[in-house]
Every structure is written in structure tokens, then in C-alpha cells.
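Worksheet for the structure shown next.
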Amino acid sequence: MPNKMKSIHVGIPNKSYNILVGSNIVEQAVKKIKIKSKLKRAFIIWDDRLVDAQQKLYQALLKSKWEVHSFSVKAGEELKDIESVYPIYGQLLGANANRDSVVFALGGGSVGDAVGFVASTYLRGIRWVGVPTTLLAQVDSSLGGKTGINHSAGKNLIGSFYQPIMVICETQFLSTLSMRERVSGFGEAIKYAIAFDPKFYLELVKNKDKFLNLEPRFLVNIVSKCLKWKSKKVSKDEFDVKGIREALNFGHTFGHTLEAFTYYKVYQHGEAVIWGMRFALLLSEIRKKITPLIRRKVDDFLKKLPIPNLPQDLSDEILLSLMQKDKKVRDGKLNFVLSKGIGKVYSDNKVKKDEVIKAFSLLKNEGERL
Ligand SMILES: NC(=O)c1ccc[n+]([C@@H]2O[C@H](COP(=O)([O-])OP(=O)(O)OC[C@H]3O[C@@H](n4cnc5c(N)ncnc54)[C@H](O)[C@@H]3O)[C@@H](O)[C@H]2O)c1
Ligand SMILES: [Zn+2]
């Protein structure tokens, strides 16, 4: 009996696709991939830690009469180095992947970003399917078509917007995630709730443990809700130029700064975003946009999530200079996504440096007093 899957439509004009979410759905999902070519050739590029997931996808493709090729990669931030992606082109060339072939990116955000980028540039672009295997990738990075690699000057500086033809979120693949990775994914999930959806926020607060214990039904529901929110924003602003997608960056300005300051070695992305949301909420209170009561309520919840401490040696000057380097800075002005209450974010480019420093100092004192 096939399992129920949820389908989230990403309505980007001429490039729309579906994200299928469910438990034990790989076979059904693969059957739904429609390509015009008679010969169905699949190239699975997979995180070499995920042997079981690779087998499941491989078998599902064979069953649907695909010719299947498969190459493993070492996942992680190093995969997003130009030297690491170069051999992937070689493997595709060696196996004669052509414009009718489909690349499957099986792994977390690093695999999705790097392999999506390869798909977007190989032979000037061939189709790809995302099969995200971390919570972070399922609730966030798999949707939106931002693909890319890093440069020594900074993260994600080389890349493209390149939408997949389908994304398969198989929640069974998440069962092997460490608690740290689950908390990191939870950080991104709660971001959608605080930014856009008060009801969803209450649901997440109530069911945090079910989420972290990966209870299947609950998980499918939460992942789909996050994706619906992201899809809503992305489909109206594919190239991130209208300021609509910007709202998804709630908690990210400070979060990115923490990640950059620690060379991406201390925090998982979602962990940095949790600190970033606490910072953004403090700044919102300083800017008198959110009441102290609501700010404290949300903060009390966020601060109980187990994540690494703030770095001891991050000074105000370094903080400001890193923030100014953020891609989102426009005309030298600091631009923050702040909150007017749960479910209400707005963009604020009038934040002053001393307000940033005040928020940071309060955050270091656990954000208890204002
Ligand atoms: N494109 C976007 O819109 C976007 C958005 C957010 C983040 N990102 C990118 O995503 C990356 C971080 O994502 P990530 O944390 O998923 O990265 P990742 O691919 O490095 O995965 C994290 C770790 O989890 C392991 N892993 C993956 N799936 C697993 C599973 N099912 N069970 C056990 N272990 C598993 C990986 O081997 C790796 O060690 C960063 O490079 C970030 O820039 C991209
Ligand atoms: Zn993020």
C-alpha cells in the first residue's frame, strides 16, 4: 500500500516543479518524474555516508526503467570548493551524460548546492532532481534553486539560480541524523514560524520533542509547512531581487556573521540562525517594534535549544565589519529583517551601529535585561 505523500507546488513561471514529502515515498516519487526523452538516464551523485539512501534511490530508479549511474562524493563544506566539483564534471563526461540525462543530488545542503551548480553548468545546464537528506536541506536549501560553491573570499560567491525539476523529501532518510543536525534543522523551521505564522509557532513550541525525535507523521506535516512558506516567497521572487525572499533571511545577518567569524567550523547553519533570531528579536525590541513581553517569551524558548555558545573573542568592531561584508548590505547601509511580533517580519535599513552593539551586548548577557 503506497504511503501518502504531500506535494508542494513551486509556481515559478515556466520552471514550476513539485516537492514531494513523505515517509517511504521514493518509489512513488520517482515514477512521477516525466521527461520527454525515451531513454531515461539517471546520474546519482551522493554523499558517501548515505549508503542505504543511495540503494533505495538506485533501486527505485531501476524499477522505473531508468539506466542508472552513480558517483559518490565527500559531503561537507569542502565539497563546495572549485577543486572538489571539477571531478564531478569529469565523471559525467566519462559516462556520456547528455542533455537528456537527469542528475540526482542525494545528500544535505552541501551536496544540493554543489551538485545543483554542476547541473546548471554542465553542457550549459542539464535537468536535476534534489533528494535532500538533512532536515536543514529538506526545510530550506532544497527549495529555491540557489546553487553554488564557495570562493576563498567568501561563501556562495559563485553560483546560479537553477531550479530542479523535482525535489523528493523522504523523511525516512532523516533517521540517522545526529541530535545536533536535528536541532539545526529545527532552527530553520522555527524561523518560518516566527517570521510568518503564529499558529505554526505554537505548534512547534508544543511539539518540539516530537520533531526532534523525528516522529514520522509530525515530521511530514512540519517539513511541508516550512516548504509552503518558502515556496510562497520564492515563487514571487525567483532571483531574490524584489525584497520578498529577503524575509526568509530572518536571523541570518547575525547568523552569517557568527559562521564567518568561526570559519564555518563551530556552528551548524541552523544553530547560527538560532543565535541570529535571538539577536534580531533584541534589535527589534531596541527599535521599539516588538514588545518586551513577546520578545522575552520567544527568547525563553529559543535559549533552551542546545547550541554552542557565542564566541568569546568576537568584538563589536569585528561584528560590525563582518556584517557590512554581508551580501545583503545595500549602499553601505546595514539592512536587517526584524520583527513586529510573531508572524510579522519587516525589513529595516535604519538600524544604527550603536543599536547593533547594544543588542550584541545584551545577547552576550543572555538577552535577559533591556
Ligand atoms: N541553497 C540554499 O538556499 C541554502 C540554504 C541554506 C543552506 N545552504 C547550504 O547548505 C549547507 C549546509 O547544509 P547541511 O547541513 O545539510 O550540509 P551537509 O551536506 O554538509 O550535511 C551536514 C552533515 O550531515 C551528514 N548527513 C547528510 N545527510 C545525513 C543523514 N541522512 N544522516 C546522517 N548524516 C547525514 C553529511 O554527511 C554532513 O556530514 C551549507 O553549505 C549552506 O551554505 C544552502
Ligand atoms: Zn538559512
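The values are calculated or read from the model by the stated rules, or taken from the named source; none is laboratory data. These numbers were taken from a predicted model, which means no experiment stands behind them. Ideal geometry is used to build each Cβ from the backbone, glycine not excepted, and the neighbour counts take in all protein chains shown.
The criterion of at least 3 residues that are under 23 Å from residue 272 (Cβ atoms) and within 16 Å of ligand 1 (Cβ to nearest atom) is met, among strands (runs of 3 or more DSSP E) falling completely within the range 135-225, by 146-151, 154-161.
Across the range 61-75, not a single residue is classified as small (Gly, Ala, Ser), surrounded by 14 or more Cβ atoms within 10 Å (Cβ to Cβ) and in contact (Cβ under 8 Å) with a residue 60 or more places away in the chain. When the range 60-116 is filtered for residues that are assigned to a strand (DSSP E or B), over 20 Å from residue 185 (Cα atoms) and of a type outside the set (S, T, N, Q), the ones remaining, listed by number, are 67, 68, 69, 71, 73, 102, 103, 104.
If you scan the range 280-304, which residues turn out to be in a helix (DSSP H, G or I) and over 13 Å from residue 191 (Cα atoms)?
282, 283, 284, 285, 286, 292, 293, 294, 295, 296, 297, 300 - these are the residues of the range 280-304 that are in a helix (DSSP H, G or I) and over 13 Å from residue 191 (Cα atoms).
Could you tell me whether residue 303 is among the charged types (D, E, K, R) and free of Cβ contacts under 8 Å to residues at least 60 places away in the same chain? So residue 303 fails the test.
Somewhere in the range 275-292, is a residue free of Cβ contacts under 8 Å to residues at least 40 places away in the same chain and touching a helix residue (DSSP H, G or I) at 6+ places or on another chain (Cβ under 9 Å)? Yes: the range 275-292 contains one or more residues that are free of Cβ contacts under 8 Å to residues at least 40 places away in the same chain and touching a helix residue (DSSP H, G or I) at 6+ places or on another chain (Cβ under 9 Å). Given 270, 251, which one is modelled with pLDDT of 95 or more, crowded, with 24+ Cβ neighbours inside 10 Å and under 22 Å from residue 334 (Cβ atoms)? Matching residue, one of 270, 251: 251.
Considering only residues in the range 257-305 that are of a type in the set (Val, Ile, Thr) and either within 16 Å of ligand 1 (Cβ to nearest atom) or within 14 Å of residue 194 (Cβ to Cβ) (or both), the one that is nearest to the chain's Cα centre (by Cα) turns out to be 273.
Look at residue 221 and say whether it is surrounded by fewer than 19 Cβ atoms within 10 Å (Cβ to Cβ) and within 17 Å of residue 270 (Cα to Cα). Answer is no for this residue.
Only one of the numbered conditions (1) within 16 Å of ligand 2 (Cβ to nearest atom); (2) modelled with pLDDT under 95 is violated by residue 187, and that is (2).
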